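One structure is given below, encoded as structure tokens.
The values are calculated or read from the model by the stated rules, or taken from the named source; none is laboratory data. Predicted, not measured: the structure shown is a model, and the values here were computed from it. Cβ atoms come from the backbone with ideal geometry, glycine included; neighbour counts cover every protein chain shown.
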Amino acid sequence: MKLRRIYSRPKRRHTSVLFVSSSADSDSNLLPLHLNGALNAFSALTGTGPIGQFFYYQGRLTALDPEGSLFNYLTTFGSEYLGPSGGCSTYGSLGFFPGAGSNKCARYGTGFYLHSNEENSQLGATLVYNWVGGFYACGSAKEVVYKVHESDGRDDCVPIELNTVPVIN
């Protein structure tokens, strides 16, 4: 995947830095979100990739570069191209990249929102994508996938919530 860096580190963030952790009724509970997993460049709840640190800037969920450079990582929903008559899929992997790639169906940076805990906003928030569908942990590496409908895409997935946890330095 050819990438170009298009997003530099802002002088001021619009939110504090956050970790994202999973919540599920399975063995995918309370696992941190890694920027990339063991099997590919997309995010996973397990693996050797760095644990992401996130913030919002100009309405976009952004990940700090784990190497500490001045470039940040764009949030990506990597939907798949289904061919000329099928368009783009309603499912795809969650990823974080230092620039835009060549996937014509990928959506970069926009559509990711935080939904505050309705009982007490101090308890954190849940990450949502365009207010529909949900996130899933798929396969043994627990790759993080977004689906509009539970039946979309892979069938080796369990539903999860992605919740924010503040970073304390």
Checklist entry - When the range 115-169 is examined, which residues are found to be among the charged types (D, E, K, R) and on the phi > 0 side of the Ramachandran plot? => result Lys142
Checklist entry - Taking interchain pairs and intrachain pairs at least six residues apart, which have beta carbon atoms under 6 angstrom, with the first residue in the range 56-81 and under 15 Å from His34 (Cα atoms) and the second among the basic types (Lys, Arg) and modelled with pLDDT of 85 or more? => result none
Checklist entry - So, in the range 20-62, of the ones that are among the hydroxyl-bearing types (Ser, Thr, Tyr) and in a loop (DSSP other than H, G, I, E, B), which residue ends up farthest from Gly109 (Cα to Cα)? => result Ser26
Checklist outcome for this item: The residue from Ser85, Ser89, Ser102, Ser151 that alone is among the small types (Gly, Ala, Ser), more than 19 Å from Leu33 (Cβ to Cβ) and buried (at least 16 other Cβ atoms within 10 Å of the Cβ) is Ser89
Checklist entry - Within the range 53-71, restricting attention to residues that are in contact with a strand residue (DSSP E or B) (Cβ under 8 Å, 6 or more places away or on another chain) and surrounded by fewer than 22 Cβ atoms within 10 Å (Cβ to Cβ), which residue is nearest to Ser21 (Cα to Cα)? => result Gln53
Checklist entry - Restricted to the range 131-148, and to residues that are of a type in the set (Val, Ile, Thr) and surrounded by 14 or more Cβ atoms within 10 Å (Cβ to Cβ), which residue is nearest to Phe77 (Cα to Cα)? => result Val145
Item to check | Residue ID - nearest to the chain's Cα centre (by Cα), chosen from residues in the range 63-85 that are in a loop (DSSP other than H, G, I, E, B) and of a type in the set (A, V, I, L, M) | outcome: Leu64
Checklist entry - How about the range 1-59: which of its residues are modelled with pLDDT under 85 and of a type in the set (Val, Ile, Thr)? => result Ile6, Thr15, Val17, Thr48
Checklist entry - For the range 86-169, which fully contained strands (runs of 3 or more DSSP E) count at least 2 residues that are touching a residue at least 12 places away in the same chain (Cβ under 8 Å), within 17 Å of the chain's Cα centre (by Cα) and closer than 18 Å to Thr46 by Cβ? => result 88-97, 134-138, 143-147, 157-166
